[in-house]
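The values are calculated or read from the model by the stated rules, or taken from the named source; none is laboratory data. Remember, it's a predicted structure, so these values are computed and weren't measured experimentally. Virtual Cβ from ideal backbone geometry, glycine too; neighbours counted across all protein chains shown.
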Amino acid sequence: MKKKRYDREFKEQVVRECQEVGNIALVARGHGLSKNTVYNWLQATRKNGSVIPLPRDVNQRLLEAENRLESLARENDQLKRLVAEKELELAILRELRDRVNPQ
């Protein structure tokens, strides 16, 4: 038997009904669904805040994003130090220029 797909709005509507009625089996029967299917949607909503499950690799993606953020923060600090150093060099050169060629 082919597995039926339901859109997000329908799943959210069924989950809201379950929360209002308080009886998963009753709501599932009313929509012609398996109570296990509705229960899974309800669990996903409690866990993720949405009936759409999180991708399986979400933890790996999060770890990669955190590592990338740390790397960019280090690079940003290095660039800020480099800019400060160049600004200091420029200020010194301008001061020397003004001493040699006062106008």
Response to the item:
Sole miss for Val15 among (1) at pLDDT 90 or above; (2) in contact with a Phe, Trp or Tyr (Cβ under 8 Å, 6 or more places away or on another chain) is condition (1)
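Matching residues to (1) charged (D, E, K, R); (2) modelled with pLDDT of 90 or more:
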residue	(1), (2)
Glu9	yes, no
Asn40	no, no
Gly49	no, no
Ile52	no, no
Val58	no, no
Ile92	no, yes
Arg99	yes, yes
Worksheet item: Does the stretch 29-40 hold any residues that are outside any loop (DSSP other than H, G, I, E, B), within 32 Å of the chain's Cα centre (by Cα) and surrounded by 11 or more Cβ atoms within 10 Å (Cβ to Cβ), and which are they?
Response: Lys35, Thr37, Val38, Tyr39, Asn40
Item to complete: Say whether the condition of being assigned to a helix (DSSP H, G or I), within 24 Å of the chain's Cα centre (by Cα) and without any contact (Cβ under 8 Å) to a residue 24 or more places away in the chain is met by at least one residue in the stretch 76-83.
Response: yes
Fill in: Count - residues of the stretch 1-25 that are hydroxyl-bearing (Ser, Thr, Tyr) and under 10 Å from Leu42 (Cβ atoms)
0
Practice prompt. Could you list, in sequence order, all residues of the stretch 2-28 that are of a type in the set (Asp, Glu), in a helix (DSSP H, G or I) and surrounded by fewer than 13 Cβ atoms within 10 Å (Cβ to Cβ)?
Written response: Glu9, Glu20
